[in-house]
Amino acid sequence: MGLRLLLVRHGETEWNAEGRYQGQTDVPLSEVGLRQAEAVAARLAAEPLDAIYASDLSRAAETGRAIARPHGLDVRLDPRWRELSFGEWHGLTFAQMEAQAPETVAWWNADRVHRAPPGGETMAELAARVQAALDDIRRDHSDGTVLVAAHGGPIRVLLCLLLGKSPGDHWQFGMGNTSLTEVEFHRMGPVLRRLNDMQHLRVLRAED
């Protein structure tokens, strides 16, 4: 059959709601995010999962644990699935970044693949660690279904790598909180089966 990879972005945090760059700051799930994590867990409860990996940041790890509970699986934490590091810009909105350092922001925007925020990392560095994490999963799981609970940046960059795009094109993929993306690996290459699927959140909208 080959490997089937399910990618889930973490649930919402207060910083998500406020439009702040979280990066590698360990911001926990909000009450909304916890409900979203339970919703995606309920949706995936009947999926035949063989392993679950997650970023070690709590918002992704807790999302992964919610999904793992119905399956009786342990979550394998891997810091390579962390969000891009924004260095000195952690906790700021984009408007605040531009107000504080407009020239630096413009310089960064011109080539985010090879340029990093002050004290942060480049998209190329993010792509390298995500590729290494994927290579290890593919080595250890030649078939079956593996789920990764991570962040928007790593998931979008991974899709760029799999589909032959530059990591700088990551913004072309929508990636909502607890969205589900599915990739299958075949002899001819990877196949994108689902992207940014958030049908499980309809239940929450109906309750509000």
Exercise. Would you pick out the residues in region 173-208 that are of a type in the set (A, V, I, L, M, F, W, C) and assigned to a strand (DSSP E or B)?
Worked result: 180, 183, 185, 191, 192, 195
For this session: Working only within region 133-150, note down all residues that are under 15 Å from residue 183 (Cβ atoms), in a helix (DSSP H, G or I) and not small (Gly, Ala, Ser).
Result: 134, 135, 137, 138
Exercise. If the Cβ limit is 6 Å and pairs must be 6+ apart or interchain, which residue in region 172-188 that is closer than 30 Å to residue 35 by Cβ pairs with which residue that is part of a loop (DSSP other than H, G, I, E, B) and among the polar types (S, T, N, Q)?
Worked result: none
Exercise. Counting only residues that are over 20 Å from residue 121 (Cα atoms) and of a type in the set (Asp, Glu), which one in region 10-48 is nearest to the chain's Cα centre (by Cα)?
Worked result: 12
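For residues in region 174-192 being within 21 Å of residue 135 (Cβ to Cβ) and modelled with pLDDT of 95 or more, which is nearest to the chain's Cα centre (by Cα)?
So the first thing to find is which residues in region 174-192 are within 21 Å of residue 135 (Cβ to Cβ), and the list is 181-192.
Among the residues that remain, those that are also modelled with pLDDT of 95 or more are: 181-185, 190-192.
On the way: 181: 10, 182: 12, 183: 14, 184: 17, 185: 19, 190: 18, 191: 18, 192: 16 Å.
Top of the filtered list is 181.
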Seminar exercise, completed: In the set 113, 148, the lone residue that is out of contact with any Asp or Glu (no Cβ under 9 Å at 6 or more places or on another chain), β-branched (Val, Ile, Thr) and in contact (Cβ under 8 Å) with a residue 12 or more places away in the chain is 113
Problem set entry | Search result, residues across region 14-25 that are more than 24 Å from residue 182 (Cβ to Cβ) and surrounded by 15 or more Cβ atoms within 10 Å (Cβ to Cβ) | 14, 15, 20, 21, 22, 23, 24, 25
Exercise. If you check every pair at least six apart or on different chains, which have Cβ atoms under 8 Å apart with a residue in region 33-48 that is outside any helix (DSSP H, G or I) first and a residue that is surrounded by fewer than 18 Cβ atoms within 10 Å (Cβ to Cβ) and at pLDDT 95 or above second?
Worked result: 45/70; 48/144
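The values are calculated or read from the model by the stated rules, or taken from the named source; none is laboratory data. Note that this is a predicted model, so its numbers are computed, not measured. Glycine gets a Cβ as well: all are built from the backbone with ideal geometry, and neighbour counts include every protein chain shown.
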